[in-house]
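Reading through the structure tokens given below for one structure.
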Amino acid sequence: MAFVYEKISEADRELYQSFNLRSPFNGRPLETRKWTIDRERNAYLISLGGQGTYNSDIPMFHTLIWNGNTINIDSFTTGIGDVSSGIEKFWKITKIEAPIDLYEKKDELIDLMKEAFDAKGFAGSKDCVVSVHFDFIAAPEFK
């Protein structure tokens, strides 16, 4: 199975709440309705808020939960094209903080991140995206 961008079902709500995610802006519990999930690999990409367009100063903040490990990611995104002719997406990853336990799996982590961001598509749809490009400004920091 691969990543899919989907609404968090009522059946998954308890799992989502177990992640105890907080807003990076006010520290309050984060309530979101959608995530990018790969159930087979126990991986969940969740947007925490922010701006994240190429011309903004504030990134979009994400958390990737992978086999119980929390990876914090800052990103910016833009696109070229339109829904009818296809959109070329660009992701600039500016910060990755991961547990030291994942150091030996850093290449797998980067591949997993690419797959998860690719699955987000454009406005929740993968159908109109013709290509996705990544620019990793920052290497993962392992703590």
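If you go through segment 4-28, how many residues are part of a helix (DSSP H, G or I), under 23 Å from D74 (Cβ atoms) and among the polar types (S, T, N, Q)? Spell out how you get there, then give the answer.
The first filter runs over segment 4-28 and keeps only residues part of a helix (DSSP H, G or I), leaving 10-18.
Adding the requirement that they be under 23 Å from D74 (Cβ atoms) leaves 16.
Now narrow it down to the ones that are among the polar types (S, T, N, Q): none.
Of the residues in that region, 0 qualify.
Which of the residues that make up segment 74-83 are within 15 Å of G124 (Cα to Cα) and either among the β-branched types (V, I, T) or loosely packed, with under 13 Cβ neighbours inside 10 Å (or both)? Write out each step before concluding.
Our first condition is that a residue be within 15 Å of G124 (Cα to Cα); within segment 74-83, this holds for 77-79, 82-83.
Within segment 74-83, T77, T78, D82, V83 qualify.
Give D135, D101 a once-over and let me know the one that is out of contact with any helix residue (DSSP H, G or I) (no Cβ under 9 Å at 6 or more places or on another chain), at pLDDT 95 or above and not in a strand (DSSP E or B).
Working: D135 fails: not in a strand (DSSP E or B).
That would be D101, the only listed residue that is out of contact with any helix residue (DSSP H, G or I) (no Cβ under 9 Å at 6 or more places or on another chain), at pLDDT 95 or above and not in a strand (DSSP E or B).
Given the structure, is E31 within 25 Å of S18 (Cβ to Cβ), assigned to a loop (DSSP other than H, G, I, E, B) and open to solvent by 30 Å² or more (accessible area, probe 1.4 Å)?
On the way: within 25 Å of S18 (Cβ to Cβ): yes; assigned to a loop (DSSP other than H, G, I, E, B): yes; open to solvent by 30 Å² or more (accessible area, probe 1.4 Å): yes.
Yes, satisfied.
Can you find, within segment 43-56, the residue that is nearest to E115 (Cα to Cα) among those that are assigned to a loop (DSSP other than H, G, I, E, B) and open to solvent by less than 60 Å² (accessible area, probe 1.4 Å)?
Looking only at segment 43-56, we keep the residues that are assigned to a loop (DSSP other than H, G, I, E, B), and these are 51-52, 54-56.
Imposing the further condition that a residue be open to solvent by less than 60 Å² (accessible area, probe 1.4 Å) reduces the set to 52, 56.
Working: G52: 19, S56: 24 Å.
Top of the filtered list is G52.
Could you list, in sequence order, all residues of segment 1-56 that are modelled with pLDDT of 95 or more and of a type in the set (V, I, T)?
Residues satisfying the conditions are V4, I8, T36, I37, I46.
Can you name the condition, by its number, that T63 falls short on among (1) assigned to a strand (DSSP E or B); (2) open to solvent by 20 Å² or more (accessible area, probe 1.4 Å)?
Every listed condition holds for T63 apart from (2).
Give me a count of the residues in segment 57-87 that are in contact with a helix residue (DSSP H, G or I) (Cβ under 9 Å, 6 or more places away or on another chain) and aromatic (F, W, Y).
The number of residues fulfilling the criteria is 1.
For residues that are more than 16 Å from the chain's Cα centre (by Cα) and of a type in the set (D, E), scanning just segment 82-137, find the one that is farthest from N42 (Cα to Cα).
D82
If A138 meets every condition in (1) touching a residue at least 24 places away in the same chain (Cβ under 8 Å); (2) exposed (fewer than 12 other Cβ atoms within 10 Å of the Cβ) apart from one, which number is that one?
That leaves (2) as the condition not met.
List the pairs whose first member sits in segment 48-64 and is closer than 10 Å to S23 by Cα, whose second member is β-branched (V, I, T) and exposed (fewer than 15 other Cβ atoms within 10 Å of the Cβ), and whose Cβ atoms are under 9 Å apart, counting only residues at least 6 apart or on separate chains?
Correct list of pairs: L48/T32; G49/T32; G50/I58.
The values are calculated or read from the model by the stated rules, or taken from the named source; none is laboratory data. Predicted model only: the values in this text are computed from it and were never measured. Because the Cβ atoms are built from the backbone with ideal geometry, glycine has one as well, and the counts that use them run over all protein chains shown. Calculation scope for accessible area: heavy atoms of the full protein, side chains included, ligands and nucleic acids excluded. Shrake-Rupley method; radii C 1.70, N 1.55, O 1.52, S 1.80 Å.
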